[in-house]
Amino acid sequence: MMRRIPLLGLVLVSILLAGCGSGMVRRVSDPAISIQQLTVKADGQWVVELRLQNYSSIPMRFDTVNVEMQIGDQATGTLQATPALSVGPESADVVSVPFSPPSAARIVVADTLTGRRALPYTLKGTVGAAPEDKKVRTFDVDTRNTLNPVPGLDGVLR
């Protein structure tokens, strides 16, 4: 009888420990937004491809994007989108946003493309995202990065 008690205790502890280790950790991290590509169309309009980065360990649904864009030192305007796009855990997807830039921003981008130089940009604003089964949360976005002309593709910055 005395031998069964330690054996029974060992079995119970093993079951409890096995239960503690199962399951995925659900971590929700702030998403990020950056410009993956900016394309200048023949009519002067832009198509801005925004990269929506999900750093969470679970899929996230991106519902809204509302960011102020600055190209070089020119305030360019607001990029708004309602992608309704689900992005898998620790991965990214791209959404295309048509944009009518002001003339000062068009000149800055045209000069950058002609001179084949790097172009700094800033995105500041918010993104509405949520785990697939939860309420949408608003996350702040403050991105600073650089775009470069793409060799062989006229009017394209990446």
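The values are calculated or read from the model by the stated rules, or taken from the named source; none is laboratory data. The shown structure was predicted, so the numbers you read here are calculated from the model rather than taken from an experiment. Counting neighbours? That spans all protein chains shown, and the Cβs are built from the backbone with ideal geometry, glycine included. What goes into the accessible areas is simple: the full protein's heavy atoms, side chains included, and nothing from ligands, DNA or RNA. Shrake-Rupley method; radii C 1.70, N 1.55, O 1.52, S 1.80 Å.
For the criterion of being touching a residue at least 40 places away in the same chain (Cβ under 8 Å), open to solvent by 10 Å² or more (accessible area, probe 1.4 Å) and closer than 15 Å to Gln36 by Cβ, Arg61 fails. Summed over segment 26-50, residues that are under 20 Å from Pro131 (Cβ atoms) and either over 12 Å from the mean Cα position of the chain (by Cα) or not polar (S, T, N, Q) (or both) total 7. The condition (being touching a helix residue (DSSP H, G or I) at 6+ places or on another chain (Cβ under 9 Å), open to solvent by less than 40 Å² (accessible area, probe 1.4 Å) and either among the β-branched types (Val, Ile, Thr) or at pLDDT 95 or above (or both)) is satisfied by just one residue among Pro149, Pro83: Pro149. Return the residues of segment 119-136 that are touching a residue at least 24 places away in the same chain (Cβ under 8 Å) and farther than 20 Å from Asp73 by Cα; say none if nothing qualifies. Scanning segment 119-136 gives Thr126, Val127, Gly128, Ala129, Ala130, Pro131, Glu132, Val136.
None of Glu49, Glu68, Glu132 is modelled with pLDDT under 95 and either among the acidic types (Asp, Glu) or open to solvent by 20 Å² or more (accessible area, probe 1.4 Å) (or both) except Glu132.
Just one of the listed residues (Val141, Val97) is at pLDDT 95 or above, farther than 24 Å from Val28 by Cβ and under 15 Å from the mean Cα position of the chain (by Cα), namely Val97.
Just to be sure before I move on: is Pro151 part of a strand (DSSP E or B) and either hydroxyl-bearing (Ser, Thr, Tyr) or out of contact with any Phe, Trp or Tyr (no Cβ under 6 Å at 6 or more places or on another chain) (or both) in the structure I sent? Here the answer is no, as Pro151 does not meet what is asked. Scanning segment 74-94 for residues that are closer than 20 Å to Lys124 by Cβ, part of a loop (DSSP other than H, G, I, E, B) and touching a residue at least 24 places away in the same chain (Cβ under 8 Å) turns up just one, Pro83.
Of the listed requirements (1) crowded, with 17+ Cβ neighbours inside 10 Å; (2) of a type outside the set (A, V, I, L, M); (3) not in a loop (DSSP other than H, G, I, E, B), Pro101 misses just one: (3).
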